[in-house]
Amino acid sequence: MNIPQHVAIILDGNGRWAKGKGMPRNYGHVQGAKNVENILSAAHDMGIRYVTMYAFSTENWNRPKEEVDALMNLLHGYMKTCLRTAKKNNMKCRVIGDISRLDEATQKRIHELEESSKEYDGLNFTIAINYGGRDEIVRAVKKMAADNVKPEEITEELFSSYLDTKGLPDPDLLIRTSGEMRLSNYLLWQLAYAEFYFTDIPWPAFTAKDLEDAVAYYNKRDRRFGGVKEDTDV
């Protein structure tokens, strides 16, 4: 089986899953956070080298304050959990997005996580927090302007080096759980040639077997990257 090098995941359906069980939305977020480690372990066992997960978008601030506060507390606590997991599994971690809006304590934990795991050479785990694809591109352009980059100097490679994902290969496969079929402002530049896999399974119920099914689907795709095969007219 051809294993994708980089898998990006939109963790959707936590609240709906909880509601279906007669539980508050935050229960779904808690269980969804617990499932992250299960899927990271499965990805590592399959030979996937990079996993990027969409934890909190720039648009998620528009949710009810009670839910946002609960998510922020959950993310703060998860940074500590992730620190232990990284050390245990030799996992390199990084956070992308504009973390300046997060509270100082959470920012401190993020920096601690990234610094302590930067030399690990196992699975590369990236967490998108207060991340939006459009926001990332705007911030990249502003940084290029601040560096006085001339228009004639701009290439795809140079532009990519100003993105949050600098140094990471573009995702080969995008997985979105819980039935929605849209990008939701996620990795707009990086997903240009990724294969998309959508499943009705909500994130808290997504298992290692479901990840295997997504990779099996990926193997059925004919990746041309805009090119044409000799035996086709398309």
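The values are calculated or read from the model by the stated rules, or taken from the named source; none is laboratory data. This one's a predicted model, so the numbers in the text were calculated from it and none came from an experiment. Note that we place each Cβ from the backbone using ideal geometry, even for glycine, and neighbour counts take in every protein chain shown.
Quick notes on this structure:
- Conditions (1) out of contact with any helix residue (DSSP H, G or I) (no Cβ under 8 Å at 6 or more places or on another chain); (2) in a loop (DSSP other than H, G, I, E, B); number of the one not met by Asn2: (1)
- Val138 vs. criteria outside any helix (DSSP H, G or I), aliphatic (A, V, I, L, M) and over 23 Å from Ile48 (Cβ atoms): no
- Residue pairs whose Cβ atoms lie under 8 Å apart, separated by 6 or more positions or on different chains, with the first residue in segment 183-198 and under 24 Å from Asp98 (Cα atoms) and touching a residue at least 24 places away in the same chain (Cβ under 8 Å) and the second aromatic (Phe, Trp, Tyr) and buried (at least 16 other Cβ atoms within 10 Å of the Cβ), are Ser184/Tyr54; Tyr186/Tyr54; Tyr186/Tyr131.
- Set Asn73, Asn90, Asn62: member being among the polar types (S, T, N, Q) and touching a residue at least 12 places away in the same chain (Cβ under 8 Å): Asn90
Residues checked against (1) farther than 28 Å from Asn60 by Cα; (2) hydrophobic (A, V, I, L, M, F, W, C); (3) crowded, with 20+ Cβ neighbours inside 10 Å:
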{"residue": "Glu114", "(1), (2), (3)": "no, no, no"}
{"residue": "Lys118", "(1), (2), (3)": "yes, no, no"}
{"residue": "Ile129", "(1), (2), (3)": "no, yes, yes"}
{"residue": "Gly133", "(1), (2), (3)": "no, no, yes"}
{"residue": "Val138", "(1), (2), (3)": "no, yes, no"}
{"residue": "Ala146", "(1), (2), (3)": "yes, yes, no"}
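- Among the residues listed as Arg49, Arg109, Arg25, Arg101, the single one being in contact (Cβ under 8 Å) with a residue 60 or more places away in the chain and among the basic types (Lys, Arg): Arg49
- Test result for Ala70, under 20 Å from Lys92 (Cα atoms) and small (Gly, Ala, Ser): no
- Test: residue in segment 161-176 that is under 15 Å from the mean Cα position of the chain (by Cα), within 23 Å of Arg221 (Cβ to Cβ), modelled with pLDDT of 95 or more and among the β-branched types (Val, Ile, Thr): yes
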